[in-house]
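Take a look at the structure set out below.
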Amino acid sequence: MSKQEFAPNRCAKPMSIEDDPRWARVVVRDKTADGHFWYSVLTTGVYCRPSCPSRTAHPKNVTLHDTIESARATGFRPCKRCNPDGPSLESENAALVAKACRLIDESEEEPSLESLAGAVGRSSGYFHRVFKAATGLTPKEYAEAARAEKVRESLELGNSVTEAIYDAGFNSSGRFYEKSTGILGMTPKQYRAGGANEELKFAVGQTTLGAILVASSTKGVASILLGDDPDVLVRSLQDRFPKARLIGADRDYETLISRVVGFVENPSIGLDLPLDVRGTAFQRRVWRALQAIPAGETATYADVARRIGTPESVRAVAGACAANNLAVAIPCHRVIRHNGELSGYAWGVGRKRALLDREAPESSKSS
């Protein structure tokens, strides 16, 4: 039997609006419901998409519609805030953020906030808010990450430090050297030499999910690895940082790994550690989006792609998740397939399921 719509004349209804599961999705402004149904509001004379940001209408004034044609047939006008007849505000913002990212990536010098906002046809303030909401970075931070990626690529090609600096759009070597350690995790000469002489402290511990290895540079935690065999984890660390000097950690460092182990066992305690995040500008955007997923919630790869402003980059998002070197600190275990299934996880799907189970709200655990 097809779903019945409720007429504005308030004739007898098979169920109240509040009892219809679609109404709950309207109340929480569920973006994933957009395109699946619409609703109209008698008192305002408009029809909307489920995620409409307008004030929630009283359910007695609402009619739910299975199709956009049914919503239009009410004779009401489309809501100006959520534009139910066209692309959603979220998709429009994702498109303009993607355009801005391309402009930044292709510019020889860092474009100003005003020039970027003008290029996408928005005010500077609005564009800044939308960009940060989508990518987790301000336009300036994204531009700096993009330039850092260019520096890394140039140094890896064997170019001189000076060439890499100016090719990446830095106007002076002084400005670059002020930030070089933060950008590269080491000095430019060390990076060009493949990280030679970099020191990493590390320690291995044990959790109920198996062995865990934590390694840190002078900047912060650079690697958190999970597995079955501690020796395999140490070899993996050596493979990831082949020219670094690995130093067995002291008693103080054991305290840090205890914090990580405690978080794995009980995610509710949180994990606030300085991180040495190394990756491309795109990977860092993905990883920031992952860190924004609250414990107890999940997102699909497509969700993450939309959140960073590149909805077509689902496979690249999956690749960035696979390249994550910081288990649990960057929670790639919270990303699932569109059908709700758990996809591959660098440290094993069983561990991914266990981590999600531990983060699940108490209400769902008891149900």
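The values are calculated or read from the model by the stated rules, or taken from the named source; none is laboratory data. Owing to the predicted nature of the structure, the values given are computational and were not obtained by experimental measurement. We place every Cβ from the backbone using ideal geometry, glycine too, and count neighbours over all the protein chains shown. The protein model used for the area step is the full one, side chains on, heavy atoms only, and it has no ligands, DNA or RNA in it. Shrake-Rupley method; radii C 1.70, N 1.55, O 1.52, S 1.80 Å.
Observations on the structure shown:
- Hits in the range 48-78 (condition: assigned to a loop (DSSP other than H, G, I, E, B) and either more than 30 Å from Leu116 (Cα to Cα) or open to solvent by 70 Å² or more (accessible area, probe 1.4 Å) (or both)): Pro50, Arg55, Thr56, Ala57, His58, Asp66, Thr67, Ala73, Thr74, Gly75, Phe76
- Some residue of the range 244-261 being modelled with pLDDT of 85 or more, farther than 18 Å from Ile330 by Cβ, more than 24 Å from the chain's Cα centre (by Cα) and part of a helix (DSSP H, G or I): yes
- Selection of the range 308-367 for residues being touching a His at 6+ places or on another chain (Cβ under 8 Å), touching a residue at least 60 places away in the same chain (Cβ under 8 Å) and of a type in the set (Lys, Arg) yields only Arg351.
- Top-ranked residue in the range 114-160 [being acidic (Asp, Glu) and at pLDDT 75 or above; ranked as nearest to Val286 (Cα to Cα)]: Glu141
- Options Leu342, Leu271, Leu356, Leu290; residue that is at pLDDT below 90, within 25 Å of Lys31 (Cβ to Cβ), open to solvent by less than 70 Å² (accessible area, probe 1.4 Å) and touching a helix residue (DSSP H, G or I) at 6+ places or on another chain (Cβ under 8 Å): Leu342
- A count restricted to the range 247-268 and to residues that are open to solvent by less than 20 Å² (accessible area, probe 1.4 Å), of a type outside the set (A, V, I, L, M, F, W, C) and under 17 Å from Asp357 (Cα atoms) stands at 1.
- Selection of the range 68-105 for residues being of a type in the set (S, T, N, Q) and under 32 Å from the mean Cα position of the chain (by Cα) yields Asn83, Ser88, Ser91, Asn93.
- The range 197-213, residues that are modelled with pLDDT under 90 and either open to solvent by less than 30 Å² (accessible area, probe 1.4 Å) or on the phi > 0 side of the Ramachandran plot (or both): Asn197, Glu198, Leu200
- Only one of the numbered conditions (1) within 24 Å of Leu273 (Cβ to Cβ); (2) among the polar types (S, T, N, Q); (3) open to solvent by 10 Å² or more (accessible area, probe 1.4 Å) is violated by Ser313, and that is (1).
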